[in-house]
1. Name the one entry in 211, 274, 179 that is surrounded by fewer than 19 Cβ atoms within 10 Å (Cβ to Cβ) and under 17 Å from the mean Cα position of the chain (by Cα).
2. Filter the range 285-335 down to the residues that are open to solvent by 50 Å² or more (accessible area, probe 1.4 Å) and without any contact (Cβ under 8 Å) to a residue 24 or more places away in the chain, then identify the one that is farthest from residue 259 (Cα to Cα).
3. For the range 79-102, which positions are touching a residue at least 40 places away in the same chain (Cβ under 8 Å), of a type in the set (Lys, Arg) and open to solvent by 60 Å² or more (accessible area, probe 1.4 Å)?
4. So for the range 104-115 (the condition being among the aromatic types (Phe, Trp, Tyr), open to solvent by 10 Å² or more (accessible area, probe 1.4 Å), at negative phi and over 14 Å from the mean Cα position of the chain (by Cα)), does at least one residue qualify?
5. Identify all residues within the range 237-284 that are within 20 Å of residue 208 (Cβ to Cβ) and without any contact (Cβ under 8 Å) to a residue 24 or more places away in the chain; write none if there are none.
6. Report, by residue number, each residue of the range 85-135 that is among the small types (Gly, Ala, Ser), more than 20 Å from residue 170 (Cβ to Cβ) and not in a helix (DSSP H, G or I).
7. Restricting to the range 135-148, what's the tally of residues that are under 15 Å from the mean Cα position of the chain (by Cα) and open to solvent by 10 Å² or more (accessible area, probe 1.4 Å)?
8. For the range 150-207, which strands (runs of 3 or more DSSP E) that fit wholly inside it have 2 or more residues that are touching a residue at least 40 places away in the same chain (Cβ under 8 Å)?
Amino acid sequence: MKLIRKQAFARAGLIGNPSDGYYGKTISVIVRNFSAQVTLYEWDELEILWSEEERNRFRSVYDLVRDVKLHGYYGGVRLIKATIKKFVEFCASQGYALRNQNFSIRYQTNIPRAVGLAGSSAIIVATLRALMEFFEVPIPLRVQPSLALAVERDELGIAAGLQDRVIQVYEGLVYMDFSRERMERLCGFECGVYERLDPRLLPPLYLAYASDAGEPTEVVHNDLRERWRRGDPAVLAAMQKFAQLTDEFRRALEERDWEKLGHLMNANFDLRESIVNIAERHRQMVYTARKVGVPAKFAGSGGAIVGICPEEKFEKLREAMASIRCELVRPEILPAATVAEPPAY
């Protein structure tokens, strides 16, 4: 029996988000502390198994309503269904003939839900990897993020950008350019330009999240997208500024100017706050970290923050985050077997 296990990790946007859905630029890093894993094996029928994460018990009717608003009616199963459909359609469009073999598939994840760490796209990317291996279909690396995005955007109507899928496909640390002049159509999809950067250039990062602070990404992005489509001057100017911050961040990273990196991360959040209504719980996370003396910005759409924290401030930051019911971790970026020695200069 052919047994396939694939995984995809959480991620944190270091700079530029949320401009990835608006022809901007971003830099993101993979977070190996959390992952979604998909298991696929040959079976007589095509079977999608429910995971332990699919909730069917609730504390009250209000808890059920909140869960549906956050995760939909089918949780991760709908993501797997949509990925299989989109994969089959892609193969047909590219002339790949899939062999007549059914399979059983299931997923599990420990990525905190709805806090902006890209848990949904991790399930999709892991599923896509499993399908590619099972059917022996070689989808170009640069195309995979766009195909994964199409699953949520086209099949499920979820507002999103390419950033999450790019970093989950490429892993490590990646600079992404989505500017109109750099976008290219490949295999029927719009693809940006993606460059791997050396993760060993990064300063010591922290990631904090609050599982009770989640809200769906479309709560933020649907309003922002509509304003962008209307040509809102503030939104258009902000997207250009996000791209500028990203290029400045890359230069500071290469120069190992960690102080400037922190200023740019703070500027990214301040710019975002100027154009988007931010939930008070999410704002509290950012300003609590800043009171400790460390930079902070959203890792994604809200509910998790990322920044720079030297070792001497880490325990103080942990205490501050715990006081507002937030977990704190050091992001694991490189595989465990990799020795993360900084490059010599």
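The values are calculated or read from the model by the stated rules, or taken from the named source; none is laboratory data. Bear in mind the structure is a predicted one, so any value in this text is a computation, not a measurement. Every residue, glycine as well, gets a Cβ built from its backbone with ideal geometry; the counts of neighbours run over all protein chains shown. Accessible surface is based on the protein model in full, side chains and every heavy atom, while ligands, DNA and RNA are left aside. Shrake-Rupley method; radii C 1.70, N 1.55, O 1.52, S 1.80 Å.
1. Every option except 211 fails the conditions.
2. 322
3. 85
4. Looking through the range 104-115, at least one residue is among the aromatic types (Phe, Trp, Tyr), open to solvent by 10 Å² or more (accessible area, probe 1.4 Å), at negative phi and over 14 Å from the mean Cα position of the chain (by Cα).
5. Listed by number, the residues that qualify are 267, 270, 273, 280, 283.
6. Within the range 85-135, 95, 97, 104, 114 meet the criteria.
7. 1
8. Hits in the range 150-207: 173-177, 189-191, 193-197.
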